[in-house]
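What follows is a set of notes on a single structure, which appears directly below.
Computed from the coordinates by the stated procedures, all read-outs in this text should not be read as laboratory data. Predicted model only: the values in this text are computed from it and were never measured. We place every Cβ from the backbone using ideal geometry, glycine too, and count neighbours over all the protein chains shown.
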Amino acid sequence: MKLVIAVVQDKDVDNLLFRLTKKGYRATKMASTGGFLREGNSTIFLGVEEEKVDEVIETIKDCCSLREHFINPAPYTSAAPGSFLPYPMRVEVGGATIFVIPIDRWERV
Ligand code: 2BA
């Protein structure tokens, strides 16, 4: 057994969970926040048989898109009048960040 942990964008999570559950996978969604952008994202946990891991990853790839975000390196209000204002910085987010880790023991009681 493997635990697949996928950090995905909120915009993709409903479609991803629909596709995974339609294929018979059990999944848990947790609300999470990216450490860099400090924006909400979603973390999905799936306990799956080892031979199913590739199919799960393919499904995640199909459902999760790469998107551009723009962030301001410094808040507008911190700039003195007439001083240089930095341009927004472009950041590419996603499609998904995926971790696959072994499960020593799995029980449903
Ligand atoms: P965030 O930490 O909010 O990062 C959002 C995006 O900002 C990242 O997209 C990446 O393009 C950029 N970024 C992150 N840290 C950066 C840095 N120190 N310098 C420059 N740019 C940086 P993704 O790589 O697609 O990551 C999307 C989200 O996945 C992350 O949101 C975070 O919640 C999670 N994540 C990514 N890598 C992770 C890791 N190694 N461990 C745990 N969570 C991770």
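Taking other C-beta atoms within 10 Å as the exposure proxy, L66, L17 rank L66, L17 from fewest upward. Which is the longest stretch in the chain that no exposed loop site breaks, taking sites as chymotrypsin sites (Phe, Trp or Tyr not before Pro) with a DSSP loop state and at most 12 other Cβ atoms within 10 Å? Formally, the longest exposed-site-free interval is 37-83. Starting from the Kirkwood radius over alpha-carbon pairs of segment 1-57, derive D by Stokes-Einstein at 20 °C in a medium of 1.002 mPa s and give it in µm² s⁻¹. Once the numbers are plugged in, D ends up at 182 µm²/s.
Taking Cα atoms only, the orientation of helix 53-63 departs from the longest principal axis of the chain by about 40 degrees. Against the chain, whose longest principal axis is taken from its Cα atoms, helix 10-22 shows a tilt of about 10°. I'd like the FRET efficiency for F45 and R90, computed as 1/(1 + (r/R0)^6) with the beta carbon distance as r and R0 of 30 Å, rounded to 0.05. So the FRET efficiency works out to roughly 0.45. Phi angles across segment 87-100 convert, under the Karplus curve 6.51 cos²θ - 1.76 cosθ + 1.60 with θ = phi - 60°, into 3J(HN,Hα) values of 6, x, 9, 8, 10, 8, 10, x, x, 7, 10, 10, 10, 10 Hz, Gly and Pro given as x. Exposure proxy shown here: for R26, R38, R19, the number of other Cβ atoms within 10 Å sets the order, fewest to most, as R38, R26, R19.
Computed over every Cα-Cα pair of the chain and binned at 10 Å starting from 0, the pair-distance distribution P(r) comes out as 13, 39, 24, 13, 8, 4, 0 percent.
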